[in-house]
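Report on the structure given below.
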Amino acid sequence: MHESDSILPFLLVTVAMGGWAGWMAARAVARGWRPYLACLPALLGVAAAVRFIHFALFSGTLLSPYYFAIDALVVLAVGSAAFRLTRARQMTTQYRWLYARTGPFTWRERKEGQSQQAGRP
């Protein structure tokens, strides 16, 4: 359980607001073609902002390593998904002759002579 008796501040601030900000930060890093490690400072900054909002609005503990770790894990999970989803979309749209999408987060190299559209010889 999070530090308050209600789960509502955790869902509102950490999951909704922190998740959205982490999603947008990681997406921006991916769209700039920067590596995943460039996301980490941005996502940890979002987690620190989430911790501050808990402190300022809900009388949470500001300098708690435990609660910061929880906030950071949520923000990192959402941000990592956003980065990978954006990168998979980039690779398969901008280099469609080289890569084919295999799932929402993955892609693979096209085989020699493989067509770009399914059903084409």
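Does region 75-90 hold any residues that are over 29 Å from Phe10 (Cβ atoms) and open to solvent by less than 30 Å² (accessible area, probe 1.4 Å), and which are they?
Ala88, Gln90
Is there a residue in region 49-58 that is within 12 Å of the chain's Cα centre (by Cα), among the aromatic types (Phe, Trp, Tyr) and in a helix (DSSP H, G or I)? Even if it seems obvious, please write down each step before you answer.
Initial filter on region 49-58 (within 12 Å of the chain's Cα centre (by Cα)): none.
No: region 49-58 contains no residue that is within 12 Å of the chain's Cα centre (by Cα), among the aromatic types (Phe, Trp, Tyr) and in a helix (DSSP H, G or I).
Is it true that Ala72 is among the hydrophobic types (A, V, I, L, M, F, W, C), assigned to a helix (DSSP H, G or I), modelled with pLDDT of 95 or more and open to solvent by less than 30 Å² (accessible area, probe 1.4 Å)? Steps first, answer last, please.
Working: among the hydrophobic types (A, V, I, L, M, F, W, C): yes; assigned to a helix (DSSP H, G or I): yes; modelled with pLDDT of 95 or more: yes; open to solvent by less than 30 Å² (accessible area, probe 1.4 Å): yes.
Yes; evaluated as a whole, the condition is true for this residue.
Do any residues in region 58-79 that are more than 19 Å from Leu37 (Cβ to Cβ) have Cβ atoms under 8 Å from those of residues that are in a helix (DSSP H, G or I) and open to solvent by 30 Å² or more (accessible area, probe 1.4 Å), where the two are at least six apart or on different chains, and which pairs are they?
Gly60/Tyr67; Thr61/Phe55; Thr61/Tyr67; Leu62/Phe52; Leu62/Phe55; Phe68/Ala48; Val74/Val15
Of the numbered conditions (1) at pLDDT below 90; (2) open to solvent by 80 Å² or more (accessible area, probe 1.4 Å); (3) over 30 Å from Ser6 (Cα atoms), Ser59 fails exactly one; give the number of that condition.
(3)
Considering every residue within region 25-45, establish whether at least one is of a type in the set (Lys, Arg), closer than 30 Å to Asp5 by Cβ and surrounded by 11 or more Cβ atoms within 10 Å (Cβ to Cβ).
Step one: list which residues in region 25-45 are of a type in the set (Lys, Arg), which gives 27, 31, 34.
Retained after the next criterion (residues that are closer than 30 Å to Asp5 by Cβ): none.
The answer is no; no qualifying residue exists.
The values are calculated or read from the model by the stated rules, or taken from the named source; none is laboratory data. Everything numeric here is computed off the predicted structure, so don't read it as measured data. Every residue, glycine among them, receives a Cβ derived from its backbone with ideal geometry; neighbour counts consider all protein chains shown. For the accessible areas, the whole protein counts, side chains as well, though only heavy atoms, and no ligand, DNA or RNA atoms are used. Shrake-Rupley method; radii C 1.70, N 1.55, O 1.52, S 1.80 Å.
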